[in-house]
1. Going through segment 165-224 one residue at a time, which ones are open to solvent by 30 Å² or more (accessible area, probe 1.4 Å), in a loop (DSSP other than H, G, I, E, B) and among the polar types (S, T, N, Q)?
2. Could you please find all residues in segment 307-331 being within 15 Å of the chain's Cα centre (by Cα) and not hydroxyl-bearing (Ser, Thr, Tyr)?
3. Among the residues of segment 238-285, what is the count of those that are open to solvent by 30 Å² or more (accessible area, probe 1.4 Å) and part of a helix (DSSP H, G or I)?
4. Test of understanding: among Ala210, Ala226, which residue is modelled with pLDDT of 95 or more, in contact with a helix residue (DSSP H, G or I) (Cβ under 9 Å, 6 or more places away or on another chain) and more than 25 Å from Glu113 (Cβ to Cβ)?
5. Hey, does segment 291-311 have a residue that's buried (at least 21 other Cβ atoms within 10 Å of the Cβ), touching a Phe, Trp or Tyr at 6+ places or on another chain (Cβ under 7 Å) and part of a helix (DSSP H, G or I)?
6. Sort out which residues of segment 225-237 are touching a Phe, Trp or Tyr at 6+ places or on another chain (Cβ under 9 Å) and outside any helix (DSSP H, G or I), and write them in order of number.
7. Take Arg156 and decide whether it is buried (at least 18 other Cβ atoms within 10 Å of the Cβ) and either closer than 23 Å to Asp291 by Cβ or modelled with pLDDT under 95 (or both).
Amino acid sequence: MSLDEARRDIDRVDAEIIRLLDERGRIGRRIGRLKRELDLPLHQPGREADVIARRIAQSDGSFPPESIAAVYRIIMAETLALQTKPVAAGGKDEACPGPAAAGKRDVVAVVRENAEVAPGYYRMRLQARDLAGLFRPGQFFQITAGAADSAGPFLRRPFAPGEFFADGVSFYYAVVGVGTRRLAALGPGATVRVLAPLGNAFSLLDSGTAVLIGGGCGVPSLAPLAHALKERGVRVVTIAGARTATAVLDHDLFKHSADRVIIATDDGSAGCPGTTVDAYRLEHGGFGPVDRIYALGPMPMLRGVAALADTADIDCEVSLEERMACGFGACMGCAVLVNTGDGQTAYRRVCHDGPVFNVKAIAWNG
């Protein structure tokens, strides 16, 4: 068997796993409705333990028993999430909504536009009616890094939508490796597979002032959040950061949703000189009281935002960027250290428990 044939076989198995998980989800929702009608508990630890024991007994030794148990518990947790009612985006005092397990779809999307909008940065527009209306601000999707019928790269790449259309979405990305180089080579008419929606979402203010801080590709990905907040009557200030003027991405996305847009460049070639945090400190006198900060961008920027929010005692939510393989919590490859609230720390999966976290939950010095 050639390498390409092996990759195609893996892709077929991957697609079948997603199909089976979707089918399990549909059955799980039916079971959940029946259990609620009969006032029965959703979770059955005895059944879980029995199935784990049977799976271990069937193993050929290629997986350690603890690995089989861990993977099965993840699937059980996903099914339990599907059985419960989905969490709607809420008000000012609501915690971040939980994992959006229900309703994931694996669809084929058509590339309609794919153009370089700044040196090394691209905007891709995808046509797929199944994607329209799926996302809440903060959620993301996984996309094949090449044509849908190609042999690789095998792992999908995670991105967040920047715009929504009646027939699809657009997103921005930076070319940094083999996967994004493959994406940049796709022309109109090419097809890709998209798994969506994934992750949780930002919680939404009902009033007051929100400051949205983005860096690089995180700037356009905050646009859906700005629109959602504006529709609620929230005053929105957006701070868009980049290395230099030519790397400033499409801040026009905020022209109808932000009351003010501030540009920050590291070299001072456009807007405020310095980082987005520098721009906040320089300009915050014109904001008035800030009720919440939302941030999306590279980890060094998020660390700076976290320190800023802590010093100013402002509620803050951040969307973390991590390398993700599966996108729905099975592989544990995107774990991040968090505070558990009892003086201890634990690992949480960015793709499943996030990507949105309250800034105080992250163990920034861990």
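1. Listed by number, the list holds a single entry, Ser207.
2. Glu317, Val318, Leu320, Glu321, Glu322, Arg323, Met324, Ala325, Cys326, Gly327, Phe328, Gly329
3. 10
4. Ala210
5. Yes, segment 291-311 has at least one match.
6. Within segment 225-237, Arg235, Val236, Val237 qualify.
7. Criteria met by Arg156.
Per-residue answers, yes or no, for (1) out of contact with any Gly (no Cβ under 6 Å at 6 or more places or on another chain); (2) basic (Lys, Arg); (3) in contact (Cβ under 8 Å) with a residue 40 or more places away in the chain:
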site: Gln139; (1), (2), (3): no, no, yes
site: Val178; (1), (2), (3): yes, no, no
site: Val194; (1), (2), (3): yes, no, yes
site: Pro197; (1), (2), (3): yes, no, yes
site: Ala201; (1), (2), (3): no, no, yes
site: Gly215; (1), (2), (3): no, no, yes
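The values are calculated or read from the model by the stated rules, or taken from the named source; none is laboratory data. What you see is a predicted model; the values in this text were computed from it and never measured. For neighbour counting, all protein chains shown are included, and Cβ atoms are generated from backbone atoms with ideal geometry for every residue, glycine included. Note: areas computed on protein heavy atoms with side chains; ligands, DNA, RNA excluded. Shrake-Rupley method; radii C 1.70, N 1.55, O 1.52, S 1.80 Å.
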